[in-house]
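Just below is one structure, and these are the notes that go with it.
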């Protein structure tokens with residue numbers, strides 16, 4: 001790799017969950033910026049997966065382990081001596097949380113506590129970004145977007161586990177790394193709440209885009225539940241840009257960054273599931289179709305939007321891609337992968353295009 005100059009050049013970064021969808025994209029992006037990375041995660045959860053297809057292991061020190069195994073996690077993190085920690089390891093699927101609530105709470109709540117306790121034992125760390133979800137809010141199904149000051153909650157094990165993880169982050173920050181003493185301990189801890197992310201390389205079970213792609217490739221109609229549900233959709237690079245920017249502010253010692261931030265799309269990109277599905281059918285073309293799944297299912301929120309005005313004002317963060325462009329990029333990635341192209345290069349190319357993209361929302 002050619003020499004890279006910038007704030008991430010030579011920076012030691014620790015990423016939990018690097019074998020996952022968002023973690024893989026983040027690792028490749030930071031590596032392109034010159035960061036030295038160690039990842040800590042379980043094996044990839046699906047086959048195929050982004051980690052293998054995009055050869056993420058080539059750009060980092062690949063350490064496999066369970067976030068619930070505290071001794072192993074602490075040893076891995078302390079040994080690496082990172083300056084920055086991105087915590088993405090989690091049980092990320094709502095419907096799976098109903099089948100495995102204890103595993104969900106263990107990974108998402110105790111996993112977060114384990115990570116932050118390991119940070120306490122690592123004198124090198126200066127910035128920590130803990131990633132949760134937009135579903136951490138007490139969803140009242142109202143039309144207004146949620147702000148960071150709105151009550152946390154969760155109807156299901158997944159959502160409530162992420163709300164609990166937010167409380168854990170705040171408790172560790174207040175107890176051990178208080179913002180009013182940031183100049184003394186020099187450790188900034190923040191949490192990041194993002195909307196529904198899309199992009200190439202996501203093969204997770206029971207998610208809209210991967211389910212549609214699998215159906216399109218097999219030329220079978222895709223069963224879709226709750227087509228009228230509305231979500232804040234965004235390309236995976238949008239929140240990752242937010243996480244990176246947030247970490248940079250923490251590294252600069254800015255106390256206003258050591259808190260929770262929403263990273264969501266513009267209101268115009270809060271689309272219904274049906275509209276997303278129809279657009280992807282149009283983009284894919286022949287063989288693509290879907291039908292409504294009327295079978296009884298678990299509770300899921302119908303309406304959810306985020307207010308990202310704090311990220312805009314405090315961090316200068318802005319979405320770069322319209323949702324239509326994000327969907328086009330997503331289909332292009334999957335088609336390229338199916339054609340046997342080099343998806344490490346393809347993923348890096350989309351990241352470079354994203355960095356050059358003009359802001360589409362002011």
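The values are calculated or read from the model by the stated rules, or taken from the named source; none is laboratory data. The structure displayed is predicted, hence computed values, not measured ones. We place every Cβ from the backbone using ideal geometry, glycine too, and count neighbours over all the protein chains shown.
Overview of results
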item	result
Contacts under 7 angstrom Cβ, first residue in the range 221-236 being part of a loop (DSSP other than H, G, I, E, B), partner surrounded by fewer than 18 Cβ atoms within 10 Å (Cβ to Cβ) and modelled with pLDDT of 85 or more, 6 or more apart	221/289; 221/291; 227/272; 227/274; 227/292; 228/272; 228/274; 229/272
Residue that is surrounded by the fewest Cβ atoms within 10 Å (Cβ to Cβ) [pool: residues in the range 199-214 that are modelled with pLDDT of 95 or more and on the phi > 0 side of the Ramachandran plot]	199
Residues of the range 95-132 classified as surrounded by fewer than 24 Cβ atoms within 10 Å (Cβ to Cβ), out of contact with any strand residue (DSSP E or B) (no Cβ under 9 Å at 6 or more places or on another chain) and in contact (Cβ under 8 Å) with a residue 60 or more places away in the chain, total	3
Residue check, residue 211 within 19 Å of the chain's Cα centre (by Cα) and over 20 Å from residue 86 (Cα atoms)	yes
Residue in the range 134-141 that is assigned to a loop (DSSP other than H, G, I, E, B) and in contact with a helix residue (DSSP H, G or I) (Cβ under 7 Å, 6 or more places away or on another chain) present	no
Residues within the range 32-58 that are assigned to a helix (DSSP H, G or I) and over 17 Å from the mean Cα position of the chain (by Cα), tallied	5
Odd one out for residue 268 among (1) modelled with pLDDT of 95 or more; (2) farther than 26 Å from residue 91 by Cβ; (3) in a helix (DSSP H, G or I)	(1)
Residues of the range 146-179 classified as in contact with a strand residue (DSSP E or B) (Cβ under 6 Å, 6 or more places away or on another chain) and in a loop (DSSP other than H, G, I, E, B), total	3
Some residue of the range 313-323 being surrounded by fewer than 15 Cβ atoms within 10 Å (Cβ to Cβ), closer than 30 Å to residue 172 by Cβ and at pLDDT 95 or above	yes
Qualifying residue in the range 180-198 (condition: at pLDDT 95 or above and assigned to a loop (DSSP other than H, G, I, E, B))	yes
Residue 247 being within 21 Å of the chain's Cα centre (by Cα), at pLDDT 90 or above, within 19 Å of residue 150 (Cα to Cα) and not in a loop (DSSP other than H, G, I, E, B)	no
Residue match in the range 274-283 (condition: under 20 Å from the mean Cα position of the chain (by Cα), within 21 Å of residue 189 (Cα to Cα), crowded, with 17+ Cβ neighbours inside 10 Å and touching a residue at least 24 places away in the same chain (Cβ under 8 Å))	no
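A quick yes/no check of all residues on (1) under 26 Å from residue 346 (Cα atoms); (2) surrounded by fewer than 16 Cβ atoms within 10 Å (Cβ to Cβ); (3) modelled with pLDDT of 95 or more:
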position: 50; (1), (2), (3): yes, no, yes
position: 60; (1), (2), (3): yes, no, yes
position: 81; (1), (2), (3): no, yes, yes
position: 93; (1), (2), (3): no, no, no
